[in-house]
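Here's the structure we're looking at; comments come further down.
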Amino acid sequence: TGLHLATYLGQLEVVEALVSKGVNLELQDRKGDTALHVACKNQNLACAKALLQGPNGPQNLQLQNWKGLSCLHIATLKGNSSLISLLLKHGADINDQEGTSGKTPLHLAVEMLDGALLTHLLQQRPEVDSLMYNGCTPLHLAVGRKDAGLARLLCQAGAD
C-alpha cells in the first residue's frame with residue numbers, strides 16, 4: 001500500500017498524512033507485514049510513533065506476519081529498546097508468543113545472548129517462566145547456551 005511504501009522510505013510527513021486520513025493500519029503486504037511491522041524492521045521510531053497515533057487508535061499489536069512475528073517480536077530481534085518501550089506503552093503484550101514456536105520476547109533476547117535487552121524486558125514484569133510450544137522456558141534456553149549471566153538475570157527475576 002501507499003502507507004507501506006511511505007513507511008519503508010521513511011517519509012514521515014506522508015505517513016502522518018495517511019494516518020490522519022484514517023487509512024486501514026492493519027492492511028498486510030505479501031509478507032504479512034503491516035506498515036508498523038515495516039517501521040519496526042527499519043527501526044524507524046518516528047514512523048512507528050506516527051502509525052500508533054491513528055484516529056481509530058493503534059492497530060492490533062498482536063497481529064503477526066506470515067513468519068509469525070508481531071511488531072514487538074521484530075523490535076526485540078532488532079534489539080531496539082526504544083521501539084519495545086513504545087509498543088508496550090501502546091498496548092503490546094510483553095508475553096506475546098510468536099506463531100511458529102511460541103517464543104516470547106524473553107526467549108528471543110536469550111537466544112540473541114543480549115543481557116542488556118533481557119534486563120530491559122525483565123523491567124516490564126513479563127511471565128519469566130513462559131513456555132514455548134515445546135515446553136522450553138527462557139531459563140532452559142539460557143542454560144542450554146551455557147550463559148550463566150543470562151540465567152542469573154532470569155533467576156533474580158523469579159525464574160525457576
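The values are calculated or read from the model by the stated rules, or taken from the named source; none is laboratory data. This one's a predicted model, so the numbers in the text were calculated from it and none came from an experiment. Glycine gets a Cβ as well: all are built from the backbone with ideal geometry, and neighbour counts include every protein chain shown.
In segment 1-63, counting only helices (runs of 4 or more DSSP H) that sit wholly within it, the ones holding 2 or more residues that are farther than 18 Å from L87 by Cβ and modelled with pLDDT of 95 or more span 2-8, 12-20.
Residues in segment 84-99: is at least one free of Cβ contacts under 8 Å to residues at least 40 places away in the same chain, in a helix (DSSP H, G or I) and more than 17 Å from the chain's Cα centre (by Cα)? Looking through segment 84-99, none of the residues is free of Cβ contacts under 8 Å to residues at least 40 places away in the same chain, in a helix (DSSP H, G or I) and more than 17 Å from the chain's Cα centre (by Cα).
Restricting L77, L61, L121 to those that are of a type outside the set (D, E, K, R), outside the structural domain of V19 (by TED's automatic domain parsing), within 30 Å of L12 (Cβ to Cβ) and within 10 Å of the chain's Cα centre (by Cα) reduces the list to L77.
From the list C71, C155, C136, the lone residue that is hydrophobic (A, V, I, L, M, F, W, C) and surrounded by fewer than 15 Cβ atoms within 10 Å (Cβ to Cβ) is C155.
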